[in-house]
Amino acid sequence: MSTTLFSRATSMCPTYCKSHLVFKLLKKNIDKASVVISVGSQRPTSSGKSRAKMQAWQIHQYGDNRELTPTDKARAATIKAPNELLIKVHAASVNPIDVRMRGGYGSKILNALRKRQGGLSGSEFPLILGRDFSGTVVETGQAVRRFKPGDEVWGALSPFRQGSHAHCVVASESEISKKPKSLSYVESASIPYVAATAWTALCTVGELKERNAAGKRVLIQGGSGGVGTFSVQLLKAWGAEVTATCSTDAVEFVQGLGADTVVDYRTCSVQKELARHPPFDFVLDVVGGSTADDSFELLKKWSNAKLVTIVTPLLKEVDNRGFVPGLAQSTFSLGTNLFRGLTGGQSYRWSFFMPNSRALERVSQMVDAGQIQAVVEKVFPFSDLPAAYQHVERGHARGKTVIQVADSS
């Protein structure tokens, strides 16, 4: 997808041009993909060993769980660029984004990335889903210096790659780090995607850092799922005062993760209850819809308080309308909320998942230091992956759903 499309759409909204938000982030992701393939086309990287087939779960068209098909004849993952590694998957998680991608969510933008990154000329199918994983390095590209075969790693794959619901994956150095020594493979597989998503929202887009988070009042709208549970722990480790919303049966669970205040959205009006508290410096929205709109009223005014949402209309609008109309409609929506924030001296921002090896390295250190724990709700065997998708699709998660791929735990 040409980044010119972003320029054409965003030029329709002058307000957007004053903000360093999601389109810049997406452009960076697209450009990063171009760099990888251009570098890979100049130097051979693989040892040339034949890996014709592997076991995996694939879909051959978008739809429901009936499209998930097991096979032992999937095209084997192979290194194509100097900074890539071949990794044996021991465990992987199932995220809500995997369920949505099974149904075709984001397919237009992701296929454009696949074409630009890997020269995809036809259909994206058969497609392997799954974003995060833990495993061991099998082989490295010529430019890889930080890892060697046998290293235990974890990572979160870019969404244009074939995914982790397979016996092997190919990842770049920018998508992985050494896994925490204190965690099993199953526990490790529960963290990378939510860690990278939360890190992008809180730190890259929201500009919260370890050095400036202490004492900040932060609200997490949706505190019991994967991103919410990780964010609570990260922010508490950095000294923030954390309030989170969740349902009745998750209140004690979220409190146990360290949240200072937990609001049960089933037993009270969240908006009225939160309005009784002092205003917030930062709101992380994991819910979307009216929740994000209502959160404006809970921010401090004229103090550069920030509202960051990870639930945006961009991919859905492009899927439904096409590239230019979808981007234009999304830009209009973004601009409306930007203007609303400006009237109160507040900042409104979108955030998307981006792979981040440096963030994973820091999170690994925090895990081994006891500051962050893996929150695994349920573990499924690889052979029962459709049941894991069904479990995630029901919603109301209390942490992460993990599939055990290899025999080791």
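The values are calculated or read from the model by the stated rules, or taken from the named source; none is laboratory data. Nothing here was measured: the structure is a model prediction, and the numbers come from that model. All Cβ positions, even for glycine, are placed from backbone atoms using ideal geometry, and neighbour counts span all protein chains on display. We work out accessible area using only protein heavy atoms, side chains counted, and drop any ligands, DNA or RNA first. Shrake-Rupley method; radii C 1.70, N 1.55, O 1.52, S 1.80 Å.
Brief remarks follow.
- These residues, Asp64, Asp285, Asp260, go from largest to smallest accessible area, 1.4 Å probe, as Asp260, Asp64, Asp285.
- Taken over the alpha carbons of region 192-245 as equal point scatterers, the Debye sum produces base-10 log I(q)/I(0) values at 0.14, 0.19, 0.29 Å⁻¹ of -0.29, -0.55, -1.28.
- Unit Cα scatterers, Debye sum, region 75-221: log10 I(q)/I(0) for q = 0.10, 0.15, 0.17 Å⁻¹: -0.38, -0.83, -1.02
- Of Ser164, Ser330, Ser123, the residue with the greatest mean-square motion in the GNM of the chain, using alpha carbon springs below 10 Å, is Ser123.
- Relative contact order, percent, the chain [alpha-carbon distance under 8 Å, six or more residues apart]: 20
- Across all directions, the average flat footprint of the convex hull enclosing the Cα atoms of region 153-265 is 8.3 nm².
- Sum of -39500 (n - 2.57) over DSSP H runs of 4+, divided by residues of the chain (222 nm, nearest 500): -9500 deg cm²/dmol
- Helical segments meeting 24 Å axial Cα length and Kyte-Doolittle 0.5 threshold in the chain (DSSP H): 22-40, 323-342
- Entry note, region 92-246: relative contact order of 18 percent, from Cα contacts under 8 Å with a spacing of 6+ residues.
- Dipole magnitude of region 259-409, debye to nearest 20 (Cβ charges: Lys/Arg +1, Asp/Glu -1, about Cα centre): 400
- Apportionment of accessible area to carbon and sulfur, the chain, percent (1.4 Å): 50
- Expressed as a fraction of 2.2 N^0.38 Å, the value expected for a compact globular protein of N residues, the C-alpha radius of gyration of region 293-341 is 1.33.
- Net dipole in debye of region 112-256 [+1 Lys, Arg Cβ; -1 Asp, Glu Cβ; about Cα centre; nearest 20]: 480
- Loop sites in region 169-233: GluC sites (Glu not before Pro), DSSP, at most 15 other Cβ within 10 Å: Glu207, Glu210
- Using a Gaussian network model of the chain in which every pair of alpha carbons under 10 angstrom is joined by a spring, one finds that among Asn356, Asn95, Asn304 the greatest mean-square fluctuation is at Asn304.
- Rolling a 1.4 Å probe over the heavy atoms of the protein chains gives the chain an accessible area of 42 Å² per residue.
- Only one residue of Gln142, Val263, Ile403 has its Cα farthest out toward the positive end of the dipole of the chain, where Lys and Arg carry +1 and Asp and Glu -1 on Cβ, and that residue is Gln142.
- R0 of 25 Å, Cβ-Cβ distance Val324-Ser123: FRET efficiency to nearest 0.05: 0.60
- Charges were assigned to the Cβ only: +1 to each Lys and Arg, -1 to each Asp and Glu. The resulting dipole of the chain about its Cα centre is roughly 1320 debye.
- Relative intensity, log₁₀ I(q)/I(0), of the chain from a Debye sum that treats every alpha carbon as a point, q = 0.07, 0.11, 0.14, 0.15 Å⁻¹: -0.31, -0.81, -1.32, -1.50
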